[in-house]
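Just so it is clear, none of the values below were taken in a lab; they were calculated from the coordinates. No experiment lies behind these values; they were computed from the predicted model shown. Ideal geometry is used to build each Cβ from the backbone, glycine not excepted, and the neighbour counts take in all protein chains shown.
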């Protein structure tokens, strides 16, 4: 990591003596100033809330300094403040569980915009029942955002989040309670959303459930997808030092990796996707959305989905799939195994979205979630091999 | 009848008793008539956005901007108006916590646009700045923009407002370029940076709105769209009004646009003068504390605005009837 320029440090110190601390992790003045503001707001609020505190004036400042010092050692802001906004939700963050990313927020909101906006009351316009499975749920952010986006559209909504980390499952449950208490999620979320511990590599990855008959309509996953090589080279220092490796790099034991192995370098992050596709088949998923590391991995995953005759169409989403800026290519596509795959939005390759014929019918016509989102029609460019 | 010598004395006394009442009624009626004649501003019922930007005067203007910001915040609080800071950019210089480069506050209560629209314009300050060593009085200025605010609920009540291309509210999403500040690097699980900034560019007009106040990109995006909508709607309305104003200038009436100085805050004399309604109060502190004096000034400006509107209407009417002839 290059040294910070002395002039930058001086400028920062002149603005606020705490900024040089933050610069060590933020690297640029703009984000250091933003973080300082968020830390200060948090320190003031936390001190005011603390009833044991009589000498408030001194303490919020000392609290602020302590937080900035932690941050200067690379600890992520989200762990220090203990939360991260996700959509309209407030997701609690704790050491040992991956922090929700804005790209994940973006793709999760985009898939919600694909689902029909019909009212739960009008039976004719489509099924008013939906079952969503969220694997590698972590903080539970995707599962909870799904409920937030869909509870007004579906009378019956069942969402299950699974993670192999016990701490993640406990945190996800706290997040459910926390957001219901804050009024960010409706009361019914407590019944509709569940979190359980489970290993997706075990034989019964998804616990049998009587109410869903073991069947799920949508499967979403933000699995560990970074290869061991990339983990050492491309991840940020604060990610490497503070976030759980298990949530970033998939297990690589030969028995689990199967034929793929880890010798393929960057492809070492791929081994979880065949397993996810197998689970999708087992639970009868009509639509899947997997987060991926980059465009190369996205194309490899599209290739895997193509081998699996189940899927009738596939799209690659970039970081911001709903952004379609003028001047950019009107329609972007890549060719995988001789089939054209549409690429949506801007940024890095971030997700693979695949559907079956039934899935396409379920979605119907893609509608815009928020009024400035450009309505998009699903492209029936199927990938068969 | 009262002055007529032939009137019966009894009748005369009765008539003169009625006279003051009748005069009062007449006044009230004519005010009411004025009010009902003047068309209600199309944005009057809306909440509003208040933007403060220092003009000439450097640091001193930036300091004054934060004084004004505080004035409006206290005013809102004491009048039970809900207000919320959307963004504050402080000056990138030494000890700049209270020097504002740009601030946007949202006043959520309906009808706030009508209440605050008279505040739009250049506010001038005359005082000896804290930074001045020779005791000279400086004159600086802050411009205040008042924009109608279209909360998302408006769209739900009346979806046509946002989707009808002829409406002032309409913004074609195709015309807006969205930039997130998180473009470089691998992204995703590889980084946990907190860059939540959003920048929207309305390509046809070159209007740019950046928002980085919140940790949530989602809420920054919502706020940015709100500000963009407001600025575009205001610009459209202003363009229309300018056309009208040009017509009226030909007919001999000058309107005060937002470019002119509207009010002066003078520290030495502890006075505030509004140049439009020509009101002067010697209670500077109370005005800056958002007290009754500020109310008094705002009311006088409202009356002035109404009289201007009436003048404009008469001119329009005359022009129209001339054209008929």
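With R₀ set to 35 Å, the beta-carbon distance separating residue B:109 from residue A:155 gives a calculated FRET efficiency near 0.45.
Tell me, in nm to one decimal, what length is gained between residue B:4 and residue B:282 on full extension, where the rule is 0.36 nm per residue of separation less the Cα-Cα distance?
Between residue B:4 and residue B:282, full extension yields an extra 95.3 nm.
Compute the Cα gyration tensor for the stretch A:6-73, then decide on rounded, prolate or oblate, letting a ≥ b ≥ c be the square roots of its eigenvalues: rounded whenever a/c is under 1.5, prolate when a/b is larger than b/c in the other cases, and oblate in all that remain. In terms of gyration-tensor shape, prolate. Most tightly packed first, judged by the mean number of other beta-carbon atoms within 10 Å of their residues, the peptides B:205-218, A:348-361 read A:348-361, B:205-218. Modelled spin labels at residue A:282 and residue A:309, positioned 7 Å past Cα toward Cβ, are 2.2 nm from each other. FRET efficiency for the residue B:295 to residue A:49 pair, using the beta carbon distance and R₀ = 30 Å, is estimated at 0.30. Each Cα pair under 8 Å and six or more residues apart adds its separation to the average, and for the stretch A:102-363 the resulting relative contact order is 18 percent.
If you plug the beta carbon distance of residue B:208 and residue A:237 into 1/(1 + (r/R0)^6) with R0 = 41 Å, you get a FRET efficiency near 0.80. Across the stretch A:6-73, the relative contact order, built from alpha-carbon pairs under 8 Å that are at least six residues apart, equals 37 percent. Quick one: grab the alpha carbon gyration tensor of the stretch A:169-221, order the square roots of its eigenvalues as a ≥ b ≥ c, and give me rounded if a/c is under 1.5, else prolate or oblate depending on whether a/b is larger than b/c. Judged from the Cα gyration tensor, the stretch A:169-221 comes out prolate (a/c at least 1.5, a/b above b/c). Distance from the alpha carbon centroid of the stretch A:331-363 to that of the stretch A:123-201 works out to 25 angstrom.
Is the shape of the stretch A:102-363 rounded, prolate or oblate, going by the alpha carbon gyration tensor and its root eigenvalues a ≥ b ≥ c, with a/c under 1.5 for rounded and a/b larger than b/c for prolate? Rounded, since a/c falls under 1.5.
For the stretch A:17-40, backbone nitrogen atoms closer than 15 Å to the point 7 Å from residue A:6 Cα along Cα-to-C-beta are found at no residue. Take each residue in B:213-226, count the other chain C-beta atoms within 10 Å of its C-beta, and the mean is 4. On full extension, the segment bounded by residue B:23 and residue B:260 gains 81.5 nm, given 0.36 nm per residue less the C-alpha separation.
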